[in-house]
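> The structure's right below; bear with me while I get my questions together.
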Amino acid sequence: MAGEMPWPADAWSSLAFVVAGAWILATAYRCGAGASHRVALGVLAALVGVGSVVQHGPAPSWNPVVHDPPLLGTYALVAADAVADLTGRRLRTWWWLAPTVADVGLAALWPGASVVAQGAVAAAAVVAVLLRAGARPRLRPRLLLALAVLGVGTLAGQLSHPAWHVLAAAAIAVVAPAVGRRAPP
């Protein structure tokens, strides 16, 4: 229709998360052990994309509630998986789901606090993945590649938020096969 604003590039590029999520879901069961957590990662990645489309497209006042929790949940799942591997414990769903659900309330009541929480959980995930990469030589190339792609995405995101979307989605897809996988030290 004439006069309607087309979706901005930020909204379109958000669909990269949906594509990454679909790929993770389509390949989750081929990876064997840890498939249920890979499925959760795929669902979270797709929800990051949907929430990001809502935030960057129509941008209703409630957009942080659909945007922030899946992103925090993705970071929390990757961090929890790394900690579980490093400590030799089984990954428990509540380790990543509890902070994700808590972020729904934060995003609804204090969106700024939700953004801070995302940053803190993202930093914890990066540290946990780096420690895991150091301890697990078989997983090291995949984990370091995921961190490199995310790092480049973070730098590129300073100039182009759509580039961050695409590279962050790619980083999730790269790390996905390591989620739930346990390699000997």
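Just so you know, all these numbers are worked out from the coordinates, no wet-lab data involved. Everything quoted here is computed from the prediction, not taken from an experiment. A quick note on method: Cβ atoms are made from the backbone with ideal geometry, for glycine too, and the neighbour counts reach across all protein chains shown.
> When the label point is put 7 Å from the Cα of A98 along its Cα-to-beta-carbon vector, which residues of the range 44-86 have a backbone N closer than 14 Å?
77, 80
> If you average 1/r over every pair of different alpha-carbon atoms in the chain and take one over that average, what Kirkwood value in Å do you get?
16.5 Å
> Between helix 140-157 and the chain, what is the angle of the helix's C-alpha long axis to the longest principal axis, kept within 0 to 90° and rounded to the nearest 10?
Approximately 20 degrees, to the nearest 10.
> Grab the Cα-Cα distance for S61 and R182, subtract it from 0.36 nm times how many residues apart they are, and report the gain in nm with one decimal.
Here the segment from S61 to R182 would lengthen by 39.4 nm.
> In nm, what is the difference between 0.36 nm times the number of residues separating V19 and L155 and their Cα-Cα distance?
Full extension of this stretch gives 46.8 nm more.
> Rounded to the nearest 20 debye, what is the charge dipole size of the range 87-185 about its Cα centre when +1 sits on each Lys and Arg Cβ and -1 on each Asp and Glu Cβ?
For this selection, approximately 700 debye.
> Modelling each spin label as a point 7 Å along the Cα-to-Cβ direction, I'd like the A35/A108 distance in nm, to one decimal.
3.5 nm
> In addition: With charges only on Cβ, +1 for K and R and -1 for D and E, what is the dipole size of the range 10-178 about its Cα centre, in debye, rounded to 20?
The dipole magnitude comes to about 740 debye.
> Can you sort T93, T100 from fewest to most other Cβ atoms within 10 Å of each residue's own Cβ?
T93, T100
> Rounded if a/c is under 1.5, else prolate if a/b beats b/c, else oblate: with a ≥ b ≥ c from the C-alpha gyration tensor eigenvalues square-rooted, which is the range 79-174?
oblate
> Picking from V166, L139, P69, whose Cα lies most toward the positive end of the charge dipole for the chain (charges on Cβ: Lys, Arg +1; Asp, Glu -1)?
L139
> Please arrange V19, V175, V126 by counting, for each residue, the other beta carbons lying within 10 Å of its beta carbon, fewest first.
Placing the least packed residue first, the sequence is V19, V126, V175.
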